[in-house]
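A short worksheet on the structure shown next.
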Amino acid sequence: MTIASPRLASIKQSSTLALLLILLLAAFLRFYNLTGSSLWSDEGNTWAMTGRSFGAIAQAAAADIHPPGYYWLLKSWTLIFGATDVGMRSLSAVIGILLVYAVAGVARHMAPDPGSRTWLPLLAAFLAAVSPFQIYYSQEARMYILLALEATGLFWALLAMSAMPESIPAHPGRTQILAPQIGFVVCGVAGLWTHYSFPIVLGAAGLAYLLRWLAATFGTKRNRERQANPVQPSLMRFIVLNGIIVLAFLPWLPQAIDSVLHWPKGGVEVGWQQGLTLTLRTLLFGPIRQTPEPLWPWLVVAAILPLLGLVALRTRWQGLVLGLWLLLPIGMMALLGLYSDAFLKFLLVTSPAWCLAAAAAALLLPVAWPGIVVVSLFGAAAGVSVLPAYYADPAVRDNYKGVAAYLAAIGDPNRDLVLLDAPGQQEVWRYYDPGLPILGLPQQRPADAEATTAALEEATANKQRIFALLWATDEADPDRLVEGWLAQHAFPGLDTWQGNLRLATYAMPPQELVCGITGPVAFGDGLTLADACLPATTPVVTATDVLPVRLIWQAQAAVSTNYKVTLQLLDARNQVIAQRDAEPMGGTLPATAWQVGEKINDQHGVTIPPGTPPGEYQLIAALYDPATGVRLPVGADRADRLELGMVQVARAAQPLPAELIPVQNRVNAQLGPVQLVGYDLYKRDFAHAPATPLQPGDTLHVTLYWRAPDPLPADWPDDLAFTLSLGGQSITAPLAGGAYASGLWSPGELVRGEVDLAFDGSDRRPRIAVGDGTTVLQHVPVQ
């Protein structure tokens, strides 16, 4: 014993140090770029709750779908750390770190021998530390990571109440006996006051304890030995503990029952294969949209590892506990049809169980270390594959912050209006308030069509631009009253998704448009463009402005295809400078619904992108089949487009900051004397669908965003050029085209350049160089 003691002490110290390092890693991953993504609507509701008193929080929670426990805790936290995005999210980050520690605590009770009791807690804690699912919700000011901690604490206490012989002394003290029972009650009570789904967790724990009691009471001697548990389970004690939990929740129980009975619908029924895919994808990557491709090898491993872990623990009661913890919530989600983006976060309570089961897979090997290495590498690879993009993507959550900053930079309180279509947006928009007037419509559910129309007419009078923030539209405005009115009375422009938030801009022209731009022109064999209308014969616009265009269509025969309209500004090299693609009338009146002979006033707004070089551009119109991309022939010469005239783009008086420019890929790379802020790349004419795959022979279009140094150096060149190469193809051209050479740029100016390059299929990664500076762009999408 005296010889082994120093070795045991050394092992214990090493394990403690390793766990501390894992917790530091967890802290880094949870606090890193904590406010990089915006608060979204539910977090806006959380922020509003922190401004209320504790009693008012309870009253507001009674009208909500969540009990007040998390809000009370957060209210107390923000009294110390502030009700900012950092202050609120820091609570979730700390809870996420505690969850990693709790996973290690559960693993100690699951380990079958002293050796595995050293490495199993570390491996399980590491998987939890790098879990994208847990990291995502550790950076969100909502109650779900707290719910996962309470579930883990509940099962930790449950296992501690049935401790292994090696984990308790021969004559345990009263504190060691009471502590697990107190922990079980505290976690149970806290869980019920946190979320209405927690009874499922209590049910899994209760079923596991009941099966253990039945095995210990009525099972064979061999079964009792297989339980390897010296503590005789007391069913009465367990019932009493659960009774205390229910009693502590009793004041809120009537409200809980009412809320559950009126739980909002939103899930969908899916087949078992799709349900399994969604479950594994969520457990491995959480709600992060950008996942590695192909996805199926990751999901196969994510399924096999926990199954192997359950097999390794199959002869132990701890394996039964883990299986019920992992599978019962998943089964309830499938049974209740809760497979949708709004409900997949309920799987977070099973994420610690997945980490524990995956770590236990190494128990199957005679020597554990190869399994430890494989499982660790898989967990690390899963994190590395998605976390860099997660941290860098401002739209990983609904990007209210970015939209508010954009509108603060370009908006005018006297001429602009912000429309919010869902009540849940009000609070988060107040948090980021850019100082523009707002209107929430529809004002009730179901919407009152007459009242909505009257409110729109009054609010948009004397306004020039409308910024509609559309979220959960299927519930807020299922009849599209707001969008339908805007499509008829305004000119739709920029339409972009920021997470699940859609920003749609509309122009309200200050004067009547000039019609007679074109006479009747045939598109295909059954459609005619009767006329086109613009603000002037040669309109003048600046970057970020919306160019209003009215197209007057007439069907000569029944239309069987929902064609899309494309309006494009082309430079002298036929490069697309600005583009709008949309169904006629903003999608509210598709071509298949047109009556023969009826004239359709189809209004569009072409948004002039930030950084557009000043100059003259050709405006064209075309109709195409969105399924194939094939354009309808135009006029007698059967061209693929109709020229509508020239548009003059002037330099903006107040350029938009580069940080607010919507860029597909932001790099901020210094190439020679100029900075490449970012770039977009896609198949030519497919800006509206940038993920469209290219095939050899297609044309790749690249938009480059350059920023001039400030101040301009004395040797700033007049004709700076770049070289873009891909496979066997390359092109050298001025940064922003020959019409706006670098010698004309202002200090710090952001300028866009457009370039086309043939894709031969020999390589997928373009390379761009300016002078001696070179950078490699992302992979071109291919089939």
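The values are calculated or read from the model by the stated rules, or taken from the named source; none is laboratory data. Values in this document were obtained by computation on a predicted structure and should not be read as measured data. Cβ atoms come from the backbone with ideal geometry, glycine included; neighbour counts cover every protein chain shown. Ligands, DNA and RNA are stripped out before the accessible areas are found, and what is left, the full protein with its side chains, is counted by its heavy atoms. Shrake-Rupley method; radii C 1.70, N 1.55, O 1.52, S 1.80 Å.
Scanning the stretch 289-337 for residues that are among the polar types (S, T, N, Q) and surrounded by fewer than 20 Cβ atoms within 10 Å (Cβ to Cβ), we see that the one that is nearest to D398 (Cα to Cα) is Q290. Scanning the stretch 30-69 for residues that are of a type in the set (V, I, T), over 18 Å from G499 (Cα atoms) and under 26 Å from the mean Cα position of the chain (by Cα) yields a count of 3.
For first residues located in the stretch 591-619 and closer than 28 Å to Q554 by Cβ, partners that are open to solvent by less than 10 Å² (accessible area, probe 1.4 Å) and in a loop (DSSP other than H, G, I, E, B) and lie 6+ apart or on another chain with Cβ distances below 9 Å form the pairs Q603/A490; G605/A490; L619/P539.
Note on the stretch 239-324: no enclosed helices (runs of 4 or more DSSP H) hold 2 or more residues that are touching a Pro at 6+ places or on another chain (Cβ under 7 Å).
Here is a yes/no grid of residues against (1) assigned to a loop (DSSP other than H, G, I, E, B); (2) more than 25 Å from N399 (Cβ to Cβ); (3) in contact with a Pro (Cβ under 9 Å, 6 or more places away or on another chain); (4) open to solvent by less than 50 Å² (accessible area, probe 1.4 Å):
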| site | (1), (2), (3), (4) |
| --- | --- |
| A653 | yes, yes, no, no |
| V663 | yes, no, no, yes |
| Q675 | no, no, yes, yes |
| G678 | no, no, no, yes |
| T692 | yes, no, yes, yes |
| G697 | yes, yes, no, no |
| P711 | yes, yes, yes, no |
| I731 | no, yes, no, no |
| D760 | yes, yes, yes, no |
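Of all residues in the stretch 487-501, those that are surrounded by fewer than 19 Cβ atoms within 10 Å (Cβ to Cβ) and assigned to a strand (DSSP E or B) total 2. W369 satisfies every condition listed in (1) aromatic (F, W, Y); (2) part of a helix (DSSP H, G or I); (3) open to solvent by less than 40 Å² (accessible area, probe 1.4 Å) except (3). When each of A622, A627 is tested for being buried (at least 19 other Cβ atoms within 10 Å of the Cβ) and out of contact with any Gly (no Cβ under 8 Å at 6 or more places or on another chain), the lone residue that passes is A622. Right, Q575: among the polar types (S, T, N, Q), in contact (Cβ under 8 Å) with a residue 40 or more places away in the chain and surrounded by fewer than 15 Cβ atoms within 10 Å (Cβ to Cβ) or not? The answer is no for Q575.
Flag: V403 matches the condition of being aliphatic (A, V, I, L, M), within 30 Å of A490 (Cβ to Cβ), within 16 Å of the chain's Cα centre (by Cα) and assigned to a helix (DSSP H, G or I). L284 meets the conditions (1) surrounded by fewer than 15 Cβ atoms within 10 Å (Cβ to Cβ); (2) closer than 30 Å to F378 by Cα; (3) modelled with pLDDT of 90 or more in every case but one. The failed one is (1).
Before we move on, is W77 under 21 Å from G424 (Cα atoms), open to solvent by 30 Å² or more (accessible area, probe 1.4 Å) and at pLDDT 95 or above? No. One residue alone among E483, E427 is touching a residue at least 40 places away in the same chain (Cβ under 8 Å), surrounded by 15 or more Cβ atoms within 10 Å (Cβ to Cβ), out of contact with any Phe, Trp or Tyr (no Cβ under 9 Å at 6 or more places or on another chain) and assigned to a helix (DSSP H, G or I), and that residue is E483.
The single residue among L73, L23 that is within 19 Å of P251 (Cα to Cα), touching a residue at least 40 places away in the same chain (Cβ under 8 Å) and not in a loop (DSSP other than H, G, I, E, B) turns out to be L73. Within the set A395, A404, the sole residue that is under 19 Å from S37 (Cβ atoms), touching a strand residue (DSSP E or B) at 6+ places or on another chain (Cβ under 6 Å) and among the small types (G, A, S) turns out to be A395.
Out of the stretch 591-620, which residues are over 30 Å from L744 (Cβ atoms), out of contact with any helix residue (DSSP H, G or I) (no Cβ under 7 Å at 6 or more places or on another chain) and not β-branched (V, I, T)? The answer is A593, W594, Q595, G597, E598, K599, N601, H604.
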